[in-house]
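> For reference, the structure I am asking about is given below.
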Amino acid sequence: MTPFETILYAVAGPVATITLNRPEQLNTIVPPLPDEVEAAVGRAVADPAVRVIVLRGAGRSFCAGYDFGEGFTAWDEAIKTDGEWDPGKDFAFSTAPQIAPTQKLMAVWRAPKPVIAQVHGWCVGGGSDFALCADLVIASEDAQIGTPYSRMWGAYLSGMWIYRLGLTRTKFHALTGRPLSGSEAAEAGLVNEAVPFERLEARVAELAGELARIPSSQLAAMKLVVNHAYENMGLASTQTLGPILDGLMRNTPDARAWIERAGEEGVRAAIEQRDGPFGDYSQAPPERRPDPRNVIEP
């Protein structure tokens, strides 16, 4: 099989594990990661020995979102014409199932086999949109889950924040961009459980083992009926509007000035400007950040 560049794929008994494997970059999303996730999910679905899929991140974080360290240049060919942002190309690229990164990452939602997201460290931006597409989300208590793009340079992509949290809590986090710890996310119903980091891997393995004892057809039927209920509530429409708005919000005057600052002064300076007044994410005190000692080995 062709080796992957940005992820690892392994099968042990009835469990396939997909590991985001850009640990030095906090597993930020760049090409070809969405394509590779989609291919790995397809591989797991096609393997009759696999009953459960586990999704996790190597290193100190699950996923710190889309990589904008150099603007959004990794995707330039898909969203620009003659070096300028092309809104027509952007909306087509961001919504077409065959090419859209969000749609490719949502392969975990569409797979007939249950997917468990094992979340630790930073799970923010597009990384949180991705993790919340899993069927079950188990987080470490000190994980930080949020959408800093709510303040600048983006919009909800998968819509899962909306459908998991409900109106009252979603409005608060959508408008403020405030993150939740793993413990807070479990209490709010954003994720299923939060456990101490040292218990995270064991708890995910325990849950995967429970699911693996249930017939695959039964798991597929239950997942399908729940997914269709939420799709009937407008999930597909939300996932069309969200990425279109994301493209627009990356190209407002404020957003352009912000990303130019990131290019001139560095990403750290731009993030400090965005999050400093709120005192969260990288600008938070140590007790509101993930413990950097909590590392997942590939």
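The values are calculated or read from the model by the stated rules, or taken from the named source; none is laboratory data. In this text, all values refer to a predicted model and were calculated from it rather than measured experimentally. Cβ placement follows ideal geometry from the backbone for every residue including glycine, while neighbour counts extend to all protein chains displayed. Only protein heavy atoms, including side chains, enter the accessible area calculation; ligands, DNA and RNA are left aside. Shrake-Rupley method; radii C 1.70, N 1.55, O 1.52, S 1.80 Å.
> Being under 20 Å from residue 151 (Cα atoms), under 21 Å from the mean Cα position of the chain (by Cα), at pLDDT 95 or above and open to solvent by 40 Å² or more (accessible area, probe 1.4 Å) is true for just one of 180, 248. Which residue is that?
248
> Still on this structure, I have one more. For region 233-244, does any single residue satisfy the condition of being more than 26 Å from residue 137 (Cα to Cα) and surrounded by 12 or more Cβ atoms within 10 Å (Cβ to Cβ)?
Yes, because at least one residue in region 233-244 is more than 26 Å from residue 137 (Cα to Cα) and surrounded by 12 or more Cβ atoms within 10 Å (Cβ to Cβ).
> Sticking with this structure for a sec: Of the residues 42, 57, 88, which is touching a Cys at 6+ places or on another chain (Cβ under 7 Å) and either at pLDDT 95 or above or closer than 23 Å to residue 210 by Cα (or both)?
None of the other options fit; the residue is 57.
> Something else now. For the condition closer than 30 Å to residue 80 by Cβ and of a type in the set (Lys, Arg), what is the one hit in 250, 164, 213, 178?
Sole residue among the options that is closer than 30 Å to residue 80 by Cβ and of a type in the set (Lys, Arg): 250.
> To continue, here is another question. Can you pull out the strands (runs of 3 or more DSSP E) entirely within region 1-88 that have at least 2 residues that are open to solvent by less than 40 Å² (accessible area, probe 1.4 Å) and of a type in the set (A, V, I, L, M, F, W, C)? Step through it out loud before you land on a result.
Values: elements: 7-12, 15-20, 52-57.
Where strands (runs of 3 or more DSSP E) fall fully within region 1-88 and carry at least 2 residues being open to solvent by less than 40 Å² (accessible area, probe 1.4 Å) and of a type in the set (A, V, I, L, M, F, W, C), they are 15-20, 52-57.
> If I go through region 211-229 residue by residue, how many of them are in a helix (DSSP H, G or I) and either in contact with a Ser or Thr (Cβ under 7 Å, 6 or more places away or on another chain) or open to solvent by 80 Å² or more (accessible area, probe 1.4 Å) (or both)? Write out each step before concluding.
As a first pass, look at region 211-229 and keep what is in a helix (DSSP H, G or I): 211-212, 216-229.
Now restrict to residues that are either in contact with a Ser or Thr (Cβ under 7 Å, 6 or more places away or on another chain) or open to solvent by 80 Å² or more (accessible area, probe 1.4 Å) (or both): 217-218, 222, 224-225, 228.
Going through region 211-229 one residue at a time, the tally reaches 6.
> Which residues, counting only those in region 1-28, are β-branched (Val, Ile, Thr) and either under 24 Å from residue 209 (Cβ atoms) or at pLDDT below 95 (or both)? It would help to see each step written out before you state the result.
Going through region 1-28, the residues β-branched (Val, Ile, Thr) turn out to be 2, 6-7, 11, 15, 17-19, 28.
If the condition is that a residue be β-branched (Val, Ile, Thr) and either under 24 Å from residue 209 (Cβ atoms) or at pLDDT below 95 (or both), then 2, 7, 11, 15, 17, 18, 19 are the ones that fit.
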